[in-house]
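Notes follow the structure.
The values are calculated or read from the model by the stated rules, or taken from the named source; none is laboratory data. Please read these numbers as outputs of a predicted model, since none were measured by experiment. Every residue, glycine as well, gets a Cβ built from its backbone with ideal geometry; the counts of neighbours run over all protein chains shown.
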Amino acid sequence: MSQSREDWLEAAWSMLGEGGVEAVRVEKLADKMGVTKGSFYWHFKNRRDLIDGLLERWFSMREELQPEFMKTYPEPEERLWKVLERLITKRSSSGQPTAIRLWAQNHPEVGAKIDAADDLRRQIFVEQFRALGFDDGEAEVRADLYMTAISAEFLYCGRLNESDRLAKAREKHDVLVKRG
């Protein structure tokens, strides 16, 4: 049975969530998928090419970068909440972003890609906090804190059920978007 590039990425995404980047190995993926390693090399140059594909997959999940997201959620507070809520409910994520961020600590080129993607997200968050009436300095700090809440959510609450994760996330959201 032939596997597509997307099949390999899906299997690798799952493996990434289960065991981190170090667990994503071509041989293990091929065994899991019931195919030979040759299928892998038809779609990817090497393991690093697969990891780059996982990074691109993760970045593409950032719906707030899409124009239709802004139209669907016109209110800044709602836009911010939807990013955090979808992280928990819709993203098919069970620790993959955390695993990639941890791996990037020792791989500067991966860290640079994450930083560039985070800069785009952060700027959107700053704009939302400004729209909520915070001055530039406070909007910047709140955007940084929101980024931190998103990045740490799985580490802090990943073991909880979805309802409890949402409740804890909502508490953080409400504190960050409200004025003292």
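Surrounded by 14 or more Cβ atoms within 10 Å (Cβ to Cβ), in a helix (DSSP H, G or I) and at pLDDT 95 or above: is that true of PHE129 in this structure? The answer is yes for PHE129. Checking GLU22, GLU68, GLU75 one by one, the residue that is over 30 Å from ASP174 (Cβ atoms), surrounded by fewer than 17 Cβ atoms within 10 Å (Cβ to Cβ) and either of a type in the set (D, E, K, R) or modelled with pLDDT under 90 (or both) is GLU22 and no other. Taking each residue of region 125-149 that is of a type in the set (Val, Ile, Thr) and looking for partners that are surrounded by 15 or more Cβ atoms within 10 Å (Cβ to Cβ) with beta-carbon atoms closer than 8 Å, six or more apart or interchain, yields VAL126/ALA139; VAL126/GLU140; VAL126/ALA143.
Pairing residues of region 156-180 that are of a type in the set (Gly, Ala, Ser) with residues that are in a helix (DSSP H, G or I), at Cβ distances under 6 Å and at least 6 apart in sequence or on separate chains, gives ALA169/LEU84.
If only residues of region 125-143 that are closer than 19 Å to LYS82 by Cβ and of a type in the set (D, E, K, R) are counted, the one that is farthest from the chain's Cα centre (by Cα) is ARG130. Evaluated against (1) in a loop (DSSP other than H, G, I, E, B); (2) under 12 Å from the mean Cα position of the chain (by Cα), GLY180 falls short on exactly one condition, (2).
Residue pairs whose Cβ atoms lie under 9 Å apart, sitting 6 or more positions apart in sequence or on different chains, and linking a residue in region 64-86 that is more than 18 Å from ARG142 (Cβ to Cβ) to a partner that is small (Gly, Ala, Ser), are LEU65/ALA117.
Would you mention how many residues in region 79-105 are assigned to a loop (DSSP other than H, G, I, E, B) and of a type in the set (Gly, Ala, Ser)?
4
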